[in-house]
1. Taking the condition of being open to solvent by less than 60 Å² (accessible area, probe 1.4 Å) and in a helix (DSSP H, G or I), how many residues in segment 238-250 meet it?
2. Looking only at residues that are in contact (Cβ under 8 Å) with a residue 40 or more places away in the chain and open to solvent by 10 Å² or more (accessible area, probe 1.4 Å) in segment 144-165, which one is nearest to Glu204 (Cα to Cα)?
3. Looking at (1) at pLDDT 95 or above; (2) open to solvent by 70 Å² or more (accessible area, probe 1.4 Å); (3) not charged (D, E, K, R), can you tell me which one Ala173 breaks?
4. The conditions are (1) modelled with pLDDT of 90 or more; (2) out of contact with any helix residue (DSSP H, G or I) (no Cβ under 8 Å at 6 or more places or on another chain); (3) not in a helix (DSSP H, G or I), and Leu263 fails exactly one of them. Which is it?
5. Given (1) surrounded by 14 or more Cβ atoms within 10 Å (Cβ to Cβ); (2) outside any helix (DSSP H, G or I); (3) at pLDDT below 90, where does Met220 come up short, assuming only one miss?
6. Say we look at segment 198-217 and pick out the residues that are in contact (Cβ under 8 Å) with a residue 40 or more places away in the chain and either open to solvent by less than 20 Å² (accessible area, probe 1.4 Å) or part of a helix (DSSP H, G or I) (or both); which of these is farthest from Thr260 (Cα to Cα)?
7. Out of curiosity, is Lys104 without any contact (Cβ under 8 Å) to a residue 24 or more places away in the chain, touching a strand residue (DSSP E or B) at 6+ places or on another chain (Cβ under 7 Å) and of a type outside the set (Ser, Thr, Tyr)?
Amino acid sequence: MVTPADVAKVTRTDRLKTIKLGDLRVSPTAQRELNSSRVKYILNNLNLDKLGTLTVSARDGLYYVIDGQHRLAALREFLGDGWEDVCIEAWCWHGLTEAQEAKKFLEFNDVLTVDSFAKFKAGVTAKDPIPSDIDRIVMSLGLKVTRNVVPGSIRAVGALTSTYAKFGPQGLAKTLWIIREAFGDRGFESSIIEGVALFWSRYEGRVDPERVIKKLNVTMGGTKGVLNRAGLKREQTGQPVAQCVAAAITDIYNAGLRGTASLGSWWKDGKAVAS
């Protein structure tokens, strides 16, 4: 039997509200980037009875979409001229900050397919500790996590996150510094980040960072040259790409060294295969 106490437990904290489409906005920091292909798919298969109810946040006299921006974009395109004055019902929260909106976005999309970049950026806005610290490290090096092709841009949030988890803040910072100094803005690919991190974590204290940078900088083809060497090693060993990148960097570093100065083979003691 359902008691009043049970009912209280399932009471929603948001409220259903009628809102003009023209009053709706999408937060650039608390939301993922708009996917035009998804909007087109929704539009081509639009069924107003199954469109669902948007979830929004009332803030600064406007309503910011927390869940449903692709449905909203498709609806605007479907309605055409005059869409601003059309009213819809939406579940509405009041009093949320932008960080709290980002938290809600992550909660709503926890069971949906949301790309890692969107989740990372929302995590930064929501002030989640790990994404925020990664973002701090990236910015401290004059770099930026963004999809835009601009100087110092990094898109590989999966590699940033895994490197941070395995090697900590200092490991990530040193990895990005080496890549920036060796390759400039073109080196921040996932496999390069992960490979450099593996190399540095294993040989820290044994290698000269300036030699690493110089040797990588003069390697024919830059990151392409490293990846080509790694590709050959992958064919030979069947090991993961990041491990093969680390092995290629080891060979590049060893070139011209003799005796104890040489690091030897990346594969020499079997530790390298544990990424």
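1. Residues meeting the conditions: 9.
2. Once the filter is applied, the top-ranked residue is Thr161.
3. Of (1) at pLDDT 95 or above; (2) open to solvent by 70 Å² or more (accessible area, probe 1.4 Å); (3) not charged (D, E, K, R), only one is false for Ala173: (2).
4. Against the list (1) modelled with pLDDT of 90 or more; (2) out of contact with any helix residue (DSSP H, G or I) (no Cβ under 8 Å at 6 or more places or on another chain); (3) not in a helix (DSSP H, G or I), Leu263 comes up short only on (2).
5. It is condition (1) that Met220 fails.
6. Leu198
7. Answer is no for this residue.
A quick yes/no check of all residues on (1) among the hydroxyl-bearing types (Ser, Thr, Tyr); (2) under 30 Å from Glu181 (Cα atoms); (3) assigned to a helix (DSSP H, G or I):
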{"residue": "Tyr63", "(1), (2), (3)": "yes, no, no"}
{"residue": "Glu77", "(1), (2), (3)": "no, no, yes"}
{"residue": "Leu96", "(1), (2), (3)": "no, no, no"}
{"residue": "Lys104", "(1), (2), (3)": "no, no, yes"}
{"residue": "Val124", "(1), (2), (3)": "no, yes, yes"}
{"residue": "Ile134", "(1), (2), (3)": "no, yes, yes"}
{"residue": "Ile137", "(1), (2), (3)": "no, yes, yes"}
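The values are calculated or read from the model by the stated rules, or taken from the named source; none is laboratory data. This is a predicted model, so every value here is computed, not measured. When we count neighbours, we look across all protein chains shown, and the Cβ atoms used for this are built from the backbone with ideal geometry, even at glycine. Keep in mind that these areas ignore ligands, DNA and RNA; they rest on the heavy atoms of the full protein, side chains included. Shrake-Rupley method; radii C 1.70, N 1.55, O 1.52, S 1.80 Å.
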